[in-house]
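Each value in this text was obtained by applying a stated rule to the coordinates, not by laboratory testing. Everything numeric here is computed off the predicted structure, so don't read it as measured data. Please note: Cβ atoms are built from the backbone with ideal geometry, for glycine as well, and neighbour counts cover all protein chains shown.
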Amino acid sequence: PRLRALPLAPTFGQWVHTPGRAPGDAIEVDLNRVTQNYFAVLGIPIVRGRAFTAAEAMAPRDASGNGVIISRSLATRLFGRADPLRQNMVIGMGKTGRNVVVIGVAEDVRTDLPTGASELTMYEPFAREEVYVVRPSLLIKSRLTMREATEVVRTVAARVDPRVPISGNQPLRIVIDRQLSSRRVFAWVLSLLGGLGFVLAAVGLYGLLAQAVAERTREFGIRMAMGATRRRVFDLVLRQAALIAGVGGIAGLGLA
């Protein structure tokens with residue numbers, strides 16, 4: 001009761017189209033074969049229809065029916081504003097194509113990277129396989145520690161078949177961090193360069209104002225001799241600095 005697990009096959013590309021379209025108009029989608037708890041474990045809402053049942057998920061291809069679940073963006077791409085439920089689709093091209101029926105629509109997800117556009121995705125029952133799955137993945141949602149969850153999985157797998165290897169176990173957040181590592185390094189370098197540019201701009205502005213003040217020393221002396229206060233002189237210098245910083249800031253934001 002403290003652990004919920006689900007297997008899924010490796011995601012791969014597949015071509016799909018509606019029966020009324022020519023195979024040349026097919027759309028390439030990510031095909032993912034999952035069990036019934038996949039959407040619950042990952043928190044992916046089913047916005048229309050339903051998810052797979054346990055019988056559908058683990059039944060062979062001939063016995064699992066022909067129901068599929070598609071992402072919201074794929075439903076819009078294929079059927080527009082029409083109701084996608086119970087609509088027919090064709091997976092594959094030519095004589096190898098097979099007909100399926102949409103039984104549910106899931107919210108869009110990003111499987112390659114957590115940023116960017118959502119992928120066009122289609123889900124089939126896990127056991128509806130055309131080829132033997134060499135290395136399926138197992139997603140686990142549990143309150144156990146990583147070590148405890150791994151031991152539970154190894155124990156259950158040993159009961160089924162002691163020869164089944166369990167490897168590559170790691171938290172999902174680690175996988176996401178690795179996907180984002182290059183972008184984080186790039187962002188860090190950009191931040192460093194931006195900070196260096198800010199320091200150089202501040203030093204340059206200071207030097208410019210210092211030179212301007214030095215050149216206006218005689219002017220300030222005359223002003224003070226005619227009754228200008230120190231505050232008035234400071235206001236003149238600060239107004240010039242604010243004008244330069246304001247124009248530079250607006251131009252910099254626009255360029256950025």
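Database remark: amide H of residue 139 closer than 5 angstrom to the amide H of 6, 8 (H placed geometrically; neighbours at sequence offset of 5 or more, or on other chains; Pro and chain starts carry no H).
Taking the centroid of alpha carbons for each part, the stretch 136-193 and the stretch 42-94 are 28 Å apart.
Measuring max minus min along each principal axis, the C-alpha atoms of the chain give extents of 101, 51, 28 Å (largest first). Charge tally for residue 238 (other residues, Cβ to Cβ under 14 Å; Lys, Arg +1; Asp, Glu -1): +4. Here the spin labels are modelled as points 7 Å beyond Cα on the Cα-Cβ line, and at residue 170 and residue 206 they lie 4.5 nm apart.
Computed with the Debye formula from one identical point scatterer per Cα of the stretch 147-256, without solvent, the log10 of I(q)/I(0) at q = 0.13, 0.16, 0.22 Å⁻¹ comes to -0.75, -0.90, -1.16. Under a crude label model (7 Å from the Cα following the beta-carbon direction), how far is residue 21 from residue 139 in nanometres? With each label point 7 Å from Cα toward Cβ, the separation is 2.5 nm.
By the Stokes-Einstein formula, at 0.692 mPa s and 37 °C, the stretch 73-215 with its Kirkwood radius over alpha-carbon pairs has D equal to 152 µm²/s. With a Förster radius of 41 Å applied to the C-beta separation of residue 53 and residue 188, the computed FRET efficiency comes to 0.30. Counting 0.36 nm for each residue step from residue 148 to residue 250 and taking away their Cα separation leaves a gain of 31.2 nm.
Sorted from greatest to least, the principal axis extents spanned by the alpha carbons of the stretch 211-256 come out as 45, 18, 9 Å.
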